[in-house]
Amino acid sequence: METPVSLRQIMTVAEMKAADAAATAAGTPATTLMERAGKGAAEAIRQRWSRRSVVIWCGPGDNGGDGYVVARHLRRRGWPVRVEALAPPASPSCRWAAERWRGEVHPLNPAVSPADLHVDALFGAGLSRPLDGPAEELARAAEGLSACIVAIDTPSGVHGDTGQSLGGAAFRAALTVTFHRRKPAHVLAHGRAACGAVEVVDIGLSDTGAGDLVENDPSLWGARFPWPSDDAHKHARGRLVVVSGEAWSTGAARLSARAGLRIGAGVVTLLSPPGALAVNAAHLEAVMLAPFDTDAELAALADRAAAAVIGPAAGVGEATARNLTALAGTGAALVVDADALTSFAHAPDELFARLDRDDVLTPHPGEFERLFPGLLKASPERIAAAREAARRAGTIVLLKGPDTVIAAPDGRTAVNLNGSPWLATAGSGDVLAGFIAGLAAQGMESFDAACAGAWIHAECASLHGPGLIAEDLPGLAPVVLKRLWDQRNHPLP
C-alpha cells in the first residue's frame, strides 16, 4: 500500500514556483509545461462533461496562458468556445499561448456571457491581492453559477496557501484542475468549498523542498499499520487504559475505551473513581474495569499500559491535572483530550513540560485557543498554526475540524481530505481519542497513529452518513479495517 511520499505531497505556491523554475532550468521550456497543463485541463473537462458551449476567461499571466491552451484543445474536439480576456497577454508564455489560439478574443464581459460552462483562467494561486475592476465585477456576477465553473489551478480570488478569500469577491467552482500536486487551498476547508472537486494533472515536474506536508490517507501510514501476527495474543496487541470521570460523567470515557478495543488494542481497562464503578460496570463487557482513588493508585494501575486516554468528561480542575501528571510518569503514550486540555488552560507550559514527543493533543479550535492563545488568529492558516503548536508543545497536535491537521514537532504535517459533516455530533471526538490511543497501544508510532485514527474516524462517518451518533462509530471501524486488510493482502495491480 505504500507509495512514494511525493505522490501525497502538498506544495505551497512558492514550492510550485520553485518546481517550475527547476524544470525550466533543467531544459524543459515553460511553454511545454503550459501546453501540458492546458491540454490536461481540457481532458479533465471532457471527462466530466459532454460537448457544450464554453466561455474561457483569460487573465494576462500564465494562468491566462493555460486558458488559451484549454480553448485550443477544446475547439479541436468540436466544442464551441468563446475566449474573453481581462487584459492583453503580459507574460511570455501567455503571449505564446494566445498566438496559437486561432479564434477571436473578446473583452471580458463582467456580466457573465451565457454559456453552459465557464472556465476561470484569470489569476490562479499566484494572486496576492483582492480582485478588482472587471474581474471583481465578474466574480460577483458569477455568484450562484459555481455548478458550471471550472477553475484553473485555484478559483481566482482564493489564496493558494490559505484557501481564504483575498478579500472581497472570489470565484467558486464545481471543478478545479491543478497541476503536479495539491496546494493548501485545495485541502483546507474554506478553499475546498471554493474549489469543488479537485483534479491533479501531471505535467512532468519534480518535487522540491522537504515534502513534510502531505495528504493523510492510507498510503502515508498503511505499510506500518499494526496488523496482528498469526501467533498474536491479547497481551501482544497492547494494553490501553482510559480514565473515567465521576458517576454522572462516564459515557465519554466508555466511548474512548470501546473505540480503542475496536481498533485492535488487546486489553483495554477503564480506570474509574470508586463512585463511578457501579455505573461503569453496568455498561461494560469486553472492556475491563479497575478502581482508583488517588493519582498514585492511577499511576500504579497504568504502569504496564502502552497508551492512555485522559480527558473525555474527566472533569476540569486540579484532580485531572494531577492524574495527567501521574500518567505521564508511566511512559505510556498519552492521548490528551477535552477536559484534560482545559485543566491546563491557565498554565499551558505546565502541560507541555509533562509531555513527551510521542504524546498526542487533540484539541478542537476552542480548546486550541485556550492552550495557544491567539495562534489561530495570528496564523494565516490552520497548517501553520498546528505546526507552531506542535513545536511549542514538543508533542503531536491534532487540530480537529473538517480539515483536521496533524502536526509533529519535527515538522511532519498531514491534512485530512476525507472529513465528514456527520462527525459534528457529541462524543465523536472521544471515539477519535480512543482510535488513536488504541493504535498507539499496539506499537504504532504516535504521528502515524494520529493520522490513521483521524482517517479511519472520518471513513466510519462517511459509511454511516445521516443520523450518525458517536455510539455508532466504533461498530463501523471493522468495515473500514476489513477494507484496509483486503487492500494490504490483495493490492490493485
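The values are calculated or read from the model by the stated rules, or taken from the named source; none is laboratory data. For clarity, every value in this text was computed on a predicted model and none was experimentally measured. Every residue, glycine among them, receives a Cβ derived from its backbone with ideal geometry; neighbour counts consider all protein chains shown.
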- Across the stretch 27-73, the tally of residues that are among the acidic types (Asp, Glu) and within 25 Å of GLY157 (Cβ to Cβ) stands at 2
- Message: Can you go through GLU318, GLU285 and tell me which one is farther than 23 Å from PRO363 by Cβ, at pLDDT 95 or above, surrounded by fewer than 18 Cβ atoms within 10 Å (Cβ to Cβ) and of a type in the set (Asp, Glu)?
- Response: GLU285
- Item | Matching option when the condition is modelled with pLDDT of 95 or more and surrounded by fewer than 21 Cβ atoms within 10 Å (Cβ to Cβ), among ALA300, ALA313 | ALA300
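Considering only the stretch 466-474, I want to know if a residue exists there that is within 18 Å of GLY222 (Cα to Cα) and in the same structural domain as VAL242 (by TED's automatic domain parsing).
First, pick out the residues of the stretch 466-474 that are within 18 Å of GLY222 (Cα to Cα): none.
Among the residues of the stretch 466-474, not one is within 18 Å of GLY222 (Cα to Cα) and in the same structural domain as VAL242 (by TED's automatic domain parsing), which makes the answer no.
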- Message: Name the single residue that is farthest from LEU399 (Cα to Cα) among those in the stretch 351-375 being touching a residue at least 24 places away in the same chain (Cβ under 8 Å) and among the acidic types (Asp, Glu).
- Response: ASP356
- Message: So if I check each of GLY331, GLY315, which one is in a loop (DSSP other than H, G, I, E, B) and over 20 Å from GLY429 (Cβ atoms)?
- Response: GLY331
- GLY394 fails exactly one of (1) touching a residue at least 40 places away in the same chain (Cβ under 8 Å); (2) buried (at least 16 other Cβ atoms within 10 Å of the Cβ); (3) over 19 Å from the mean Cα position of the chain (by Cα), namely (2)
- Query: What pairs come up if the first residue lies in the stretch 282-308 and is free of Cβ contacts under 8 Å to residues at least 12 places away in the same chain and part of a loop (DSSP other than H, G, I, E, B), the second is among the hydroxyl-bearing types (Ser, Thr, Tyr) and buried (at least 16 other Cβ atoms within 10 Å of the Cβ), and their beta carbons are under 9 Å apart, counting only those six or more places apart or on different chains?
  - Reply: none
- Item | Selection status of ARG82, among the basic types (Lys, Arg) and over 30 Å from GLY144 (Cβ atoms) | no
- Item | Qualifying residue in the stretch 14-24 (condition: in the same structural domain as LEU145 (by TED's automatic domain parsing), buried (at least 17 other Cβ atoms within 10 Å of the Cβ), out of contact with any Ser or Thr (no Cβ under 8 Å at 6 or more places or on another chain) and not small (Gly, Ala, Ser)) | yes
- Task: Output yes when any residue across the stretch 213-222 is buried (at least 20 other Cβ atoms within 10 Å of the Cβ), small (Gly, Ala, Ser) and assigned by TED's automatic domain parsing to the domain that holds ASN323, and no when none is.
- Result: no
- Item | Residue that is in contact (Cβ under 8 Å) with a residue 12 or more places away in the chain, more than 30 Å from TRP221 (Cα to Cα) and out of contact with any strand residue (DSSP E or B) (no Cβ under 9 Å at 6 or more places or on another chain), where the choices are ALA85, ALA25, ALA90, ALA19 | ALA90
- Which members of the stretch 109-134 meet the condition of being touching a Cys at 6+ places or on another chain (Cβ under 8 Å) and within 14 Å of ARG172 (Cα to Cα)? LEU117, HIS118, ALA121, LEU122
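Yes or no, residue by residue, for (1) touching a helix residue (DSSP H, G or I) at 6+ places or on another chain (Cβ under 6 Å); (2) over 20 Å from ALA85 (Cβ atoms); (3) in the same structural domain as ASP403 (by TED's automatic domain parsing):
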site	(1), (2), (3)
LEU122	yes, no, no
ALA151	no, no, no
VAL158	yes, yes, no
ASP161	yes, yes, no
- Just one of the numbered conditions (1) buried (at least 20 other Cβ atoms within 10 Å of the Cβ); (2) on the phi > 0 side of the Ramachandran plot is not true of GLY27; which one? (1)
- Search result, residues across the stretch 234-254 that are outside any loop (DSSP other than H, G, I, E, B), touching a helix residue (DSSP H, G or I) at 6+ places or on another chain (Cβ under 9 Å) and either closer than 20 Å to LEU473 by Cβ or of a type outside the set (D, E, K, R) (or both): LEU240, VAL241, VAL242, VAL243, GLY251, ALA252, ALA253, ARG254
